[in-house]
1. Name the one entry in 107, 103 that is touching a strand residue (DSSP E or B) at 6+ places or on another chain (Cβ under 7 Å) and part of a loop (DSSP other than H, G, I, E, B).
2. Working carefully through the options 137, 192, 155, 143, find the one that is out of contact with any helix residue (DSSP H, G or I) (no Cβ under 9 Å at 6 or more places or on another chain) and within 21 Å of residue 73 (Cβ to Cβ).
3. Looking only at segment 140-167, how many residues end up being part of a loop (DSSP other than H, G, I, E, B) and surrounded by 21 or more Cβ atoms within 10 Å (Cβ to Cβ)?
4. Only one of these conditions is not met by residue 52: (1) surrounded by fewer than 18 Cβ atoms within 10 Å (Cβ to Cβ); (2) touching a strand residue (DSSP E or B) at 6+ places or on another chain (Cβ under 9 Å). Which number is it?
5. Sort through 227, 200 and tell me the only one that's at positive phi and in contact with a helix residue (DSSP H, G or I) (Cβ under 7 Å, 6 or more places away or on another chain).
6. Please return the ranges of strands (runs of 3 or more DSSP E) entirely within segment 192-262 where 2 or more residues are touching a residue at least 12 places away in the same chain (Cβ under 8 Å), surrounded by fewer than 17 Cβ atoms within 10 Å (Cβ to Cβ) and in contact with a strand residue (DSSP E or B) (Cβ under 8 Å, 6 or more places away or on another chain).
7. For residues that are touching a strand residue (DSSP E or B) at 6+ places or on another chain (Cβ under 7 Å) and surrounded by fewer than 20 Cβ atoms within 10 Å (Cβ to Cβ), scanning just segment 74-94, find the one that is nearest to residue 10 (Cα to Cα).
8. Which of the residues that make up segment 168-184 are under 18 Å from the mean Cα position of the chain (by Cα) and either loosely packed, with under 14 Cβ neighbours inside 10 Å or closer than 14 Å to residue 125 by Cβ (or both)?
C-alpha cells in the first residue's frame with residue numbers, strides 16, 4: 001500500500017493518535033459536551049470533524065430523531081467518520097470548501113459546537129488575519145435558531161498552549177508545513193461574536209490537561225498527533241519546554257488549556 005504523504009499524512013496521523021488513545025483528551029470533550037448540553041431531537045452543527053470524537057458523542061445524545069451535521073475541509077476525516085458509523089447514528093458529513101459557507105437555511109439549527117478547530121479558519125501564511133473566523137462566526141449566527149446556542153472550545157492567545165504551537169510551527173515538528181494558525185484573545189473573540197449579534201457571551205479559560213498512562217504513551221501521542229518528523233522522545237521534550245508535566249496517582253498529565261465561549265442568538 002502506498003504511504004500517504006503531505007497534508008494527507010498529517011490528518012491520517014491526527015486521527016490515528018486520537019483514535020488509539022481516546023482518553024487523552026477526555027477533559028476537553030467532557031467540558032464541550034457539558035456546555036453544549038445536547039438534547040433529544042436537536043439538530044446540532046459541529047465544525048471540525050477530525051476523527052469524530054465529538055461527533056459521535058453528540059450523535060448519541062440527540063438520538064435517532066436528532067441530527068448532527070458535521071463539517072470538515074479534509075474529506076479524509078469525513079470518510080473516516082462515515083466508515084466508523086456502523087450503528088447508523090444520525091450523522092451527516094459535509095465537505096466544506098475554503099470559502100467557509102454553511103449551506104443551511106437561516107435559523108435552521110439548535111446549536112453549533114466546535115472544539116479545537118476555529119483557529120484553522122485563518123492562515124498566517126496567507127495573511128488572512130481574523131477574516132476567516134469572522135465569516136465563520138457570522139455564519140454560525142445565521143444558521144442558528146432564535147435562542148440557539150454557540151459553543152466554541154479553542155486555544156487562547158498568550159497561553160502556554162499557544163506558545164507550544166508557535167514552537168512547532170515548522171516542517172520538522174509538524175509536517176508538512178508547520179502550524180500556520182494563530183489564536184484569538186478574549187477581547188477579539190467577544191467582539192466578533194457581539195458584532196454579529198450574539199448575546200449572553202461568556203468566556204473562560206479552563207485547564208483540561210491531557211491524561212496518559214505513562215511517558216511512553218505521551219511520547220507516541222505527541223509525535224503522532226502533530227505528525228512530527230523527530231523522534232518520539234524529542235517530540236515529548238519539545239512539548240515539555242512549554243507545558244508542565246506531572247504525575248498524580250498512577251496517571252501522568254500534560255498541561256493543556258482551552259477557552260470555552262458560549263453565546264446565544
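1. So the residue among 107, 103 that is touching a strand residue (DSSP E or B) at 6+ places or on another chain (Cβ under 7 Å) and part of a loop (DSSP other than H, G, I, E, B) is 107.
2. Being out of contact with any helix residue (DSSP H, G or I) (no Cβ under 9 Å at 6 or more places or on another chain) and within 21 Å of residue 73 (Cβ to Cβ) holds for just one of 137, 192, 155, 143, which is 143.
3. Looking only at that region, the number is 1.
4. (1)
5. Going through 227, 200 in turn, just one is at positive phi and in contact with a helix residue (DSSP H, G or I) (Cβ under 7 Å, 6 or more places away or on another chain): 227.
6. Ranges flagged: 199-207.
7. Ranking the candidates gives 75 first.
8. Result: 169, 174, 178, 179, 180, 181, 182.
Where a number appears in this text, it was derived from the coordinates with a stated rule and is not lab data. Everything numeric in this text was worked out from a predicted model, so none of it was measured. A quick note on method: Cβ atoms are made from the backbone with ideal geometry, for glycine too, and the neighbour counts reach across all protein chains shown.
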